[in-house]
1. Could you please give the count of residues in region A:259-309 that are among the charged types (D, E, K, R), outside any helix (DSSP H, G or I) and closer than 30 Å to residue B:187 by Cβ?
2. Kindly provide the set of residues from region A:130-155 that are touching a helix residue (DSSP H, G or I) at 6+ places or on another chain (Cβ under 7 Å), of a type in the set (A, V, I, L, M, F, W, C) and in a helix (DSSP H, G or I), ordered by number.
3. Considering only residues of region C:20-69 that are acidic (Asp, Glu) and within 30 Å of residue A:262 (Cβ to Cβ), which is farthest from the other protein chains (Cβ to nearest Cβ)?
4. Restricting region C:84-106 to residues that are without any contact (Cβ under 8 Å) to a residue 24 or more places away in the chain and loosely packed, with under 15 Cβ neighbours inside 10 Å, which is farthest from residue C:124 (Cα to Cα)?
5. Check off (1) more than 11 Å from chain C (Cβ to nearest Cβ); (2) closer than 22 Å to residue C:45 by Cα for residue A:254 and give me the number that stays unchecked.
6. Would you confirm whether any residue within region A:283-297 is of a type in the set (Phe, Trp, Tyr), out of contact with any Asp or Glu (no Cβ under 8 Å at 6 or more places or on another chain), within 30 Å of residue C:145 (Cα to Cα) and within 16 Å of ligand 1 (Cβ to nearest atom)?
7. Of the conditions (1) without any contact (Cβ under 8 Å) to a residue 60 or more places away in the chain; (2) under 30 Å from residue B:205 (Cα atoms); (3) surrounded by fewer than 19 Cβ atoms within 10 Å (Cβ to Cβ), residue B:52 fails just one. Which one is it?
Amino acid sequence: MTLGAKLRGPGWYRAALSQPISLAFSVGLVAAVRALYGYDPVLDGNAITTVALITMPIGFIVGIGCFDYWFRWASGAPTVPEDHSGHGAKTWRDYFKVNTDHKVIGIQYIVTTFIFFILGGLMAMVIRAELAQPGTQFVDPNTYNGLFSVHASLMIFLFIIPVFAGIANYVIPLMIGAPDMAFPRLNALSFWMLPTAGVMMVASFFADGGAFATGWTAYAPISTETPIGQQFFTIGVQFAGASSIATALNFLVTIITMRAPGMTFWRMPLLVWANFTTSLLVVIATPFIAGSQFFVLLDRSLGTHFFDPAAGGDVLMYQHVFWFYSHPAVYIMMLPGFGIVSEIVSTHARKPVFGYRMMAFSLVAIVILGFTVWAHHMFVSGMFDWMRVPMMITTMLIAVPTGIKIFSWLATLWKGVIHLTTPMLFALGFITMFTLGGISGIILAVIPVVIHVSDTYFIVAHIHYVLFGGSVFTIFAGLYHWFPKMTGRMYDEKLGKLHFWLSFVFFNLTFGPMHFVGVDGMPRRVADYADQFATWNAVISVSSFIFGLSFLVFLYNMITSWRQGPRAVANPWRAHSIEWQVSSPPPIFNFDEIPTVVGGPYEYGVPGAVHAVFGDKKAPVKPAPAGGGGAPPPTTE
Amino acid sequence: MGRLLRKRPALGMALLSGVSTAVGIVIVLAIDWFPVQASTASPQIDTLWDVLMIASVPVFVLVMAVALYSVFAFRAEPGDLSDGEPIHGNTRLEVIWVTIPFIMVSALAVYGWIVLDDIEAKQTDPLIVNVTGQQFAWRFDYPDEGKVKSTELVLPEDRDVEFRVNTDDVLHDFWVPEFRLKTDAVPGLTTKIRLKPSRIGEYDVVCAELCGLGHATMRSAVRVVTPEDFDAWIAKEQQSETDGGAAAAGGDEAAAGKQLFTETGCNACHTLADAESASAIGPGLDELSADAEKYGEQNDQSPEEYVKTSITEPDAFLVPDFNAGIMPADYAEQLSPEELDTLVKYLLSVSGEEKP
Amino acid sequence: MESGAAALGGVPTEHEHHHEHHGPPEANQSSRVEAQFLGMLLFIISEVMLFGAFFTAYFFVRVVGDASWPAEGDHLPVAIAGVNTAILISSSFTMHWALEGARNENRAALRVGLLTTALLGLTFLIIQINEYVHIGFAPADHAQGTIFYGLTGLHGAHVFVGLTLLTFATIRAFRGHFTAKEHRGVEVPGIYWHFVDVMWIVVYATIYIL
Ligand code: HEA
Ligand code: HEA
Ligand code: CUA
Ligand SMILES: [Cu+2]
């Protein structure tokens, strides 16, 4: 291909070319508008940055080729016939192109989000280095504030939320017996919006005045006054949010319209249920964070008065709008994990999920209750007094549906045949650690207590118990569980267990003591603290370094096993759900023929139980010899 | 125990959980969680906390016990390809584990509500203290005690106090850990805290809401003193308030300048040896006269003019390595022209060679 | 690198796939609702929530903050905006007409319908912009101005998006696309357009009339 053709066709060349063009466009636009309205100087760095933050990502997405098909379609030009050239990956290079295959997109998501996890984690290491002793050692307060803000934003918007979308992307079409997602091109677009958001947030460190430094919550009015770095968050979140809404919409449509024959809602695996409910949350709640950031953006760049009390604005409005999204967001970050754990506990304990229907109902209950509790983040914010007690009650009631889940998993373990594989270990670790984090959540909901502990390290402890001990443990569990399916290879079980024990122990040593310093009076978001907290902080920092290193075990295991691990059989866990009935990795279009679902997904121990059958012409799986040591799948004929 | 567990797992587990729960409760109650109790709200909140701990331990122990027991009792032998019992549910169990948590959280919520009502109960004739947050310092004034202004919070023991919390700029949060109570300082609102100090001592006001660069160091002293000492302090402050004015008029400009420097909150950001401040958010002012000479020349200003514009329009000229938008830009409104002059003279006189 | 590449590429392992396979198997249609329709519906739900965020801001200024509405000394051109409302509502009918045209293979109705809808939408936008020019307050004047421009501007942006979709549909209609069976390209922008109209009625009612 000539360079000219490369620059015209979709791909990295055109994406690269789009960047100077977008920048030039931004400069031109700003100059034109400012000249028109008689501002001086005509070229204003902040205004250009703001516009460029919007045009450059769009330029990139267009350049890489997410819109080519739609542009042709919309202009009425003959569309390229569907030759599936954008489908499936033949070499590693295909992972760097716009691809419409849900399996490729799933892996693109997972790898990309882990890169941001590593970046966010390394920032946490700098945070801990700074906090190892009182006083200022490595970073000045401005950088410190930037570090934890970017740390949390990456972890939440670029890791937990999208990595769940990635896992679900890979697994859900297979689980429900669909050849792909409902809107494969939208799926690709969702993915490619994501890195732009992440790059933007990381790049904010190079902005004039430093990275955005107002926490991941970006409360007004400080976020409307800080330097230009804030804009990288305000706009970055829009891209991450749009990506998240588009994926959720895609999941909902896929799950509603593309289930295999016989796959009623009550026969769906709980992971599908979990993503169904999560997607509802995303579609309904995410526009609120978009709104809150629009307000900040407008106040910052056009001088409007959403948050200026002197002109009639209202500061607390920000928090209401923000938390109306961000509380549901914590369930967006947890429900898919609940789904993963249900799969793993049942499969690796060889028992049907206890109380399947209640498990599904409890997800729905959490979604509904989740919309009624946002102000529990505002108990000390000076908001309406009357709202506090009702919000305390609804918040505490969430213990009931969540309890249903915890107890049902325990009942599933009871009298099972428990295989302590790495995924199972992480699932068990999750159950105990999340219970602890959930209990601290209940404590936080009790207003007189939270008046004291709000904005302290007790909150930081809660965050990490539910997000690391909760969500991240389920992510690890899920990745180990589906690793053979995704890569066709088996991971190293010994290293997996080592990873579990190291992270379990040092997780607790890192985040456990934060409860103590928090209640004792150490506020969060500080680069410097009183000497009385020095000992615990030193312990926390040292543990956190080892905890961080334990991740290297995981990374090493994943990379080497992916490259040269033993080949995996189709169904190493002898699971019943459909994704395990096809080869590992699955064929390019998932199925030769859509399977028919004839029973529940977890009928372990029920003699002769089958979840899905494939057409009788060909068996979907030829049991392969090497690999994880499971027996041939029981369901093939 | 081991045999019991194997023979009657449920009974054995109940026993095991009972013992662990007891141990757990002893541990959580033995931990010294809180700072000292210095207000009447503290014991109530601490008791509530203990109750929450007592309620939480059995929940956690139960989860751990079932999980651990299952792992040990039902672990698969290597090569075991059998399945577990196909139990799909048990309505009675499910009803139990919906009902019990429901009752527990409802009871705790009611108890929490009662405590909340108690600590926020109306007071009779409280001492009113206005609290104002500003990046990055607190100011206090006592409107009913002759408008005393102070950068230190002094409170009488055993008297109801109502704090009315405001802010000049962004969100802050007024918190004294020993009192257990906090509230955000919200632009456009006055938030309130009511309490009764109950222990003589010195504590810190901590800013608990991220407010920018100096958030970590936004601290002020609180002193709880006997009512007599409090009255004496008020009298003294009233005196020095008049003195300060008199000094400014009468000539003790250095004392007046120092007071202005601390009371306006400059010490929150600037190091100045004479005023005993050591914060490093803004440039140090110990060498200001030299700097003013140098930067003043660059801007065609006399040193005095330079310092004055530095205070009234901080962003007009930026000291190298410092950013715009950090130093508050509204001192021209906060300070009268005379006060401004006093401050400028003071700053130039205490910095550099001609230190008094 | 090669072995890694092979693994990454997901080379079919034991299960040698049929090389001459032409495409995915037909997905099972498990719901009577069509995917595109459902997708648009969900998108609209999330759009409604975005408006919800802006209405929350409005609520805080006007109800919680108890501000006068409109701000002291300002006037909202209720009548002109009312005429504009009528224009937008009538465009919903022309849209419906175009869709019926597509369903009945009535090309003229389809083309004229789409074109009129787009023109009516454009008229609406122009009147709205004209209103901004003459209204006498700016978004940066006070919170009421901020919310007024915020809500109407957000809606205007939606009209703009709707117009873009309509333009595409119109181009395709004039190029001879769409048949009685295959007219999703008219139906889906149509749903969006109706949503934009309904949303305007809510916006108009709350900020001009109430
Ligand atoms: C995955 C994310 C996640 C999850 C799942 C949760 C779950 C919960 N959270 Fe948490 N929360 C966060 C992430 C999460 N949280 C974050 C990030 C913040 C800080 C934001 C910031 O300011 O930066 C926060 C802050 C936060 C606050 C605000 C504190 C403050 O800033 O002042 C509160 C207050 O009510 C709270 C409560 C709860 C509750 C009640 C639950 C419940 O859902 C927990 C329910 C679970 C259980 C209770 C355990 C299992 C149940 C049983 C075993 C049954 C029996 C139990 C009982 C009878 C108690 N959380
Ligand atoms: C999913 C979410 C998530 C995750 C996974 C983490 C992971 C970690 N977090 Fe984070 N954190 C948050 C979400 C998360 N955090 C949120 C929401 C906040 C609130 C922010 C706010 O106030 O706005 C917060 C705030 C926060 C603070 C409080 C800052 C403050 O208030 O001043 C601290 C302090 O210790 C901290 C520490 C850590 C540590 C040590 C990890 C570790 O688990 C990280 C481990 C990972 C790695 C280390 C990277 C991978 C490892 C390698 C590549 C190997 C190389 C390693 C070494 C060289 C050591 N976090
Ligand atoms: Cu003031 Cu933090
Ligand atoms: Cu919450």
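1. Narrowing region A:259-309 to residues among the charged types (D, E, K, R): A:259, A:267, A:299-300, A:308.
Among the residues that remain, those that are also outside any helix (DSSP H, G or I) are: A:259, A:308.
Now narrow it down to the ones that are closer than 30 Å to residue B:187 by Cβ: A:308.
So the count comes out to 1.
2. A:131, A:147, A:148, A:150, A:154, A:155
3. Applying the first criterion (acidic (Asp, Glu)) to region C:20-69 yields C:20, C:26, C:34, C:47, C:66.
Filter once more, keeping what is within 30 Å of residue A:262 (Cβ to Cβ): C:20, C:26, C:34.
On the way: C:20: 12, C:26: 7, C:34: 7 Å.
For region C:20-69, the residue satisfying everything is C:20.
4. To start, the set of residues in region C:84-106 that are without any contact (Cβ under 8 Å) to a residue 24 or more places away in the chain comprises C:86, C:93, C:97, C:100-101, C:106.
Now narrow it down to the ones that are loosely packed, with under 15 Cβ neighbours inside 10 Å: C:86, C:93, C:100.
Details: C:86: 9, C:93: 15, C:100: 23 Å.
Of everything passing the filter in region C:84-106, C:100 is farthest from residue C:124 (Cα to Cα).
5. For residue A:254, the exception is condition (1).
6. Kept after step one, since they are of a type in the set (Phe, Trp, Tyr), are these residues of region A:283-297: A:288, A:294-295.
The next check asks that each one be out of contact with any Asp or Glu (no Cβ under 8 Å at 6 or more places or on another chain); those that pass are A:288, A:294-295.
Pick out the ones that are also within 30 Å of residue C:145 (Cα to Cα) and you get A:288, A:294-295.
From what's left, within 16 Å of ligand 1 (Cβ to nearest atom): A:288.
Scanning region A:283-297 turns up at least one residue that is of a type in the set (Phe, Trp, Tyr), out of contact with any Asp or Glu (no Cβ under 8 Å at 6 or more places or on another chain), within 30 Å of residue C:145 (Cα to Cα) and within 16 Å of ligand 1 (Cβ to nearest atom).
7. Evaluating residue B:52 over (1) without any contact (Cβ under 8 Å) to a residue 60 or more places away in the chain; (2) under 30 Å from residue B:205 (Cα atoms); (3) surrounded by fewer than 19 Cβ atoms within 10 Å (Cβ to Cβ) leaves (3) as the failure.
Yes or no, residue by residue, for (1) part of a loop (DSSP other than H, G, I, E, B); (2) within 13 Å of another protein chain (Cβ to nearest Cβ); (3) within 14 Å of ligand 2 (Cβ to nearest atom):
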{"position": "A:503", "(1), (2), (3)": "no, no, yes"}
{"position": "A:507", "(1), (2), (3)": "no, no, yes"}
{"position": "A:512", "(1), (2), (3)": "no, yes, yes"}
{"position": "A:527", "(1), (2), (3)": "yes, yes, yes"}
{"position": "A:534", "(1), (2), (3)": "no, no, no"}
{"position": "A:538", "(1), (2), (3)": "no, no, yes"}
{"position": "A:553", "(1), (2), (3)": "no, no, yes"}
{"position": "A:560", "(1), (2), (3)": "no, yes, no"}
{"position": "A:579", "(1), (2), (3)": "no, no, no"}
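The values are calculated or read from the model by the stated rules, or taken from the named source; none is laboratory data. No experiment lies behind these values; they were computed from the predicted model shown. When we count neighbours, we look across all protein chains shown, and the Cβ atoms used for this are built from the backbone with ideal geometry, even at glycine.
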